[in-house]
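Provided herewith is a single structure, encoded as structure tokens, for subsequent inquiry.
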Amino acid sequence: MGLIAAGWIIVLLLGGGIALDRTLSSQVERNFDEQLEYILTAMIASAEIMPGGEVSFNRALGDQRFLEPNSGLYYQINGTEFEPWPSRSLWDRTLTLQGVEGDNEHFDSEAHFYNSDQFENEPLRIVERTVILPGSETRWTFAVASATEDIDQQLQQVRSILVWSFLVLGLGLLVMAMLQIRYGLSPLRRVRAAIQKLRTTGENRITEPLPTEVQPLVEELNALLEHSEKQAEEARMHAGNLAHALKTPLTVLTNAATARDPNLNEAVFRETRTMQRHVDHHLARARAVGRRAVGHARTNVRQSAEAVRRAVERLYPEGRLDIAGGKESMVAIERQDLDEILGNLIENAAKYGGGSVFVTVDADEDSEACQIWVEDDGTGIPEADRERIFDRGARLDTGKPGTGLGLAIVRDVAEIYGGGVTLGESEDLGGLLVVLSLPRA
């Protein structure tokens, strides 16, 4: 920001300085030329023809410098048939005029200005005009010349004032820009100090009042801290639950081994299966939490359901599985987690149902959440057992293989993403109705 401000200040001041220099220089030169033309007009007005035909002044010119040799201000009158009449200030020199000598001889009815270097180390600014005076047919060329040393000094003085003024102005603007940047970014330094305070004092929120410009940043930081705190709490809870779940099987195995139980093999097999269920359940939750923290996901429900159907049809080729509903419905959940949820629900419906499974994607389009219905034609689940079936390891039909973790994983992963799952009775097929609600992407 400082470099950009400095660059623009330099460019604008440089452009403005050049424009102002040209304007002032032009004005000084114009004033200088107007003074020369005024003297030339006064000369012509006071000129008259003498009896001998030569020109003379009927009154003396007012500027004393015409009488001082080499004063820097000169005049000269040239006539076609007469010798040049120079001012006393020219002393033994004469002016070479463009209008009467060389190939450029011409008649200047108006004042003609030009620069000349005919005098060594004394550049001149000359104005000349050609007139025919009353009582004479001779073309008279009146010229006034002035050394440009004075105008050069004026221009140098003007440019010196401009340079120093613009330097001071530029430095002042740079200082003001830097102060403005520092003042404008001071809230960010206060945010940094507040974050340092969080790290050193152990506070979990930024409560210091800050300007409204950075308040959205503070709110996002507090939301991030809350999210991180929630994730840490979830991790501690999962670790504690897993440790508690593994503690009982390990105790059983330890006691059986210590007592040299003859049924140790059966106990090991039973308890290790229990521990495996707990580990699978908590790993599924941990993966869902980790993927949720990566960012906002977008998954097409219909595509996930079709992929799950192809896998389930290979396991249960005798069953019938139909899918209907919106093909463009998107949910805010990772594809792997949605595949796992739908896989558990559809596989359970095919395994425990009567052979027919019907999946409806976005069954209620007016709902804020995307609802996915999974129905089967089995015996369903009694209303008294519908809450208990979500417990880890809970199984109503022990005659078929399973771990009892499918619905528990479905509920936990759905809740991690802000969704939910409920059980009911299918009106069309007569079996179980699973209503899965997931946030729309």
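The values are calculated or read from the model by the stated rules, or taken from the named source; none is laboratory data. Values in this document were obtained by computation on a predicted structure and should not be read as measured data. Virtual Cβ from ideal backbone geometry, glycine too; neighbours counted across all protein chains shown.
Got a sec? Which strands (runs of 3 or more DSSP E) wholly within segment 35-102 have at least 1 residues that are surrounded by 15 or more Cβ atoms within 10 Å (Cβ to Cβ) and aliphatic (A, V, I, L, M)?
Qualifying strands (runs of 3 or more DSSP E): 47-49, 55-57, 73-79.
If a residue must be of a type outside the set (A, V, I, L, M), surrounded by fewer than 20 Cβ atoms within 10 Å (Cβ to Cβ) and either without any contact (Cβ under 8 Å) to a residue 60 or more places away in the chain or in contact with a Gly (Cβ under 8 Å, 6 or more places away or on another chain) (or both), how many such residues does segment 413-441 contain?
Going through segment 413-441 one residue at a time, the tally reaches 9.
So which residues in segment 1-34 are over 24 Å from LEU179 (Cβ atoms) and in contact (Cβ under 8 Å) with a residue 24 or more places away in the chain?
Residues satisfying the conditions are LEU20, ASP21, LEU24, SER25, VAL28, GLU29, PHE32, ASP33.
Same structure, new question: Look through VAL144, VAL218, VAL163 and report the one residue that is surrounded by 11 or more Cβ atoms within 10 Å (Cβ to Cβ) and closer than 30 Å to GLU81 by Cβ.
None of the other options fit; the residue is VAL144.
Out of ARG22, ARG30, report the one residue that is loosely packed, with under 11 Cβ neighbours inside 10 Å and under 14 Å from HIS112 (Cα atoms).
The conditions single out ARG30.
For segment 297-376, please list each of the strands (runs of 3 or more DSSP E) lying entirely inside it that holds at least 3 residues being surrounded by 19 or more Cβ atoms within 10 Å (Cβ to Cβ).
By residue number, 356-361, 369-376.
Give just the number: which of (1) surrounded by 15 or more Cβ atoms within 10 Å (Cβ to Cβ); (2) without any contact (Cβ under 8 Å) to a residue 12 or more places away in the chain; (3) of a type in the set (A, V, I, L, M, F, W, C) does LEU173 not satisfy?
(2)
Would you check which residues across segment 242-275 are touching a Lys or Arg at 6+ places or on another chain (Cβ under 9 Å) and of a type outside the set (Gly, Ala, Ser) and list them?
PRO249, VAL252, listed by residue number.
Applying the selection to segment 212-248, what residues are touching a His at 6+ places or on another chain (Cβ under 8 Å) and either outside the structural domain of ASP280 (by TED's automatic domain parsing) or free of Cβ contacts under 8 Å to residues at least 40 places away in the same chain (or both)?
LEU246
For segment 214-229, does any single residue satisfy the condition of being at pLDDT 80 or above, outside any helix (DSSP H, G or I), in contact with a Pro (Cβ under 6 Å, 6 or more places away or on another chain) and not acidic (Asp, Glu)?
Yes; the residues of segment 214-229 include at least one that is at pLDDT 80 or above, outside any helix (DSSP H, G or I), in contact with a Pro (Cβ under 6 Å, 6 or more places away or on another chain) and not acidic (Asp, Glu).
Then there is this: Select the strands (runs of 3 or more DSSP E) contained entirely in segment 110-173, then report the ones holding at least 2 residues which are assigned by TED's automatic domain parsing to the domain that holds SER71 and farther than 20 Å from VAL28 by Cα.
In segment 110-173, 124-131, 140-147 are the strands (runs of 3 or more DSSP E) which contain 2 or more residues that are assigned by TED's automatic domain parsing to the domain that holds SER71 and farther than 20 Å from VAL28 by Cα.
I've got another one for you. Which of the residues that make up segment 103-115 are buried (at least 16 other Cβ atoms within 10 Å of the Cβ) and either modelled with pLDDT of 90 or more or farther than 22 Å from ASP63 by Cα (or both)?
Hit for segment 103-115 is ASP108, nothing else.
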